[in-house]
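FYI, it's all coordinate maths here, none of it is from the lab. What you see is a predicted model, and the numbers here were worked out from it, not measured in a lab. Backbone-built Cβ (ideal geometry, glycine too); neighbour counts: all protein chains shown.
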Amino acid sequence: MSDVAPVDHRTRVAAVRRLRMRGRLLESAMIVFAQKGIASSVIPDVIAAAEVSQGSFYNYFRTNDDLFEALAHELSDEFILMIESAIGGIEEAALKVATGMRAYLRMATSYKVVGQFIDHAGLRLATRNSPISGFLHRDLKAGQQSGTFRPMPIDMAMDLIIGTGLMAIHRIVTERMLDDYPECIAALLLQALGVCEAEADRLIALPLPKLTVPEDSLLGRAEARFSALGRKDTP
């Protein structure tokens, strides 16, 4: 007879419900942050969007900052999985950086909730200890060591890419840009890093791997709800 006690069915059900509730709160928070920004308290709006009680919300998050940090962490994990699926097999540093930048900007173009959330969150998403910054630091260092990128402090190179990327997303969100805008930005950044114009043009002309957003992911669920809200508001 086994000494291992059977897992209580009620415990499993409760754990699943908690995960679903947390996911519902995070996707609601992403929509509200995308609509209203991160400067003011959004907790009442998130509670309303998630259709939960105030007590239920505070079982998971205590403050705006708690909510934002949890959302930023979850999104970073999803972004890394998607972008790494596009660049994970690439060894050439310049192509990795160009493909990653194009993928990031294309994601902000295709998924409105992503573009608006990043535009509002800005530098709070681009901290030095964020996973995405860690990947970028690695690829820039590899490019300098191979002689592909010109020597410069890695922090300066990261500021160049992150600052340009955030401004590009702001323009994508607020203006009507040309279809090849992400490619133009990537080409200019490659040249700033030391890649010649002809090589930069060759790299950004290569096919961009398809980014797949699972429907049951945080991003997939939030985008579906965000798009539905947009259709509802359209006369």
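Below are the figures for this structure:
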quantity: In the range 9-226, lysine pairs closer than 25 Å at Cα, eight or more apart or cross-chain; calculated: 5
quantity: Positive-end residue of Ala121, Ser53, Pro209, charge dipole of the chain with Cβ unit charges; calculated: Ser53
quantity: FRET E, pair Cys184, Asp65, Förster distance 45 Å, beta-carbon r, rounded to 0.05; calculated: 0.80
quantity: Estimated FRET transfer efficiency when R0 is 22 angstrom, pair Lys36-Ser110 (beta carbons, to 0.05); calculated: 0.50
quantity: Unit charges on C-beta of K, R, D, E only; dipole of the chain, Debye; calculated: 620 debye
quantity: Two-site FRET efficiency, His170 against Ser146, from Cβ-Cβ distance with R₀ of 35 Å, rounded to 0.05; calculated: 0.60
quantity: Alpha-carbon radius of gyration plus Dmax, which is the widest Cα pair, for the chain in Å; calculated: 20.3, 72
quantity: Spin-label pair Glu199/Ala15, simplified geometry with 7 Å Cα→Cβ offset, distance in nm; calculated: 5.1 nm
quantity: Estimated distance in nm for a label pair at Arg22 and Leu81, the labels positioned 7 Å out from Cα along Cα-to-Cβ; calculated: 1.4 nm
quantity: Cα lying deepest toward the dipole's positive end in the chain, options Ser41, Val13, Ile172, charges on Cβ; calculated: Val13
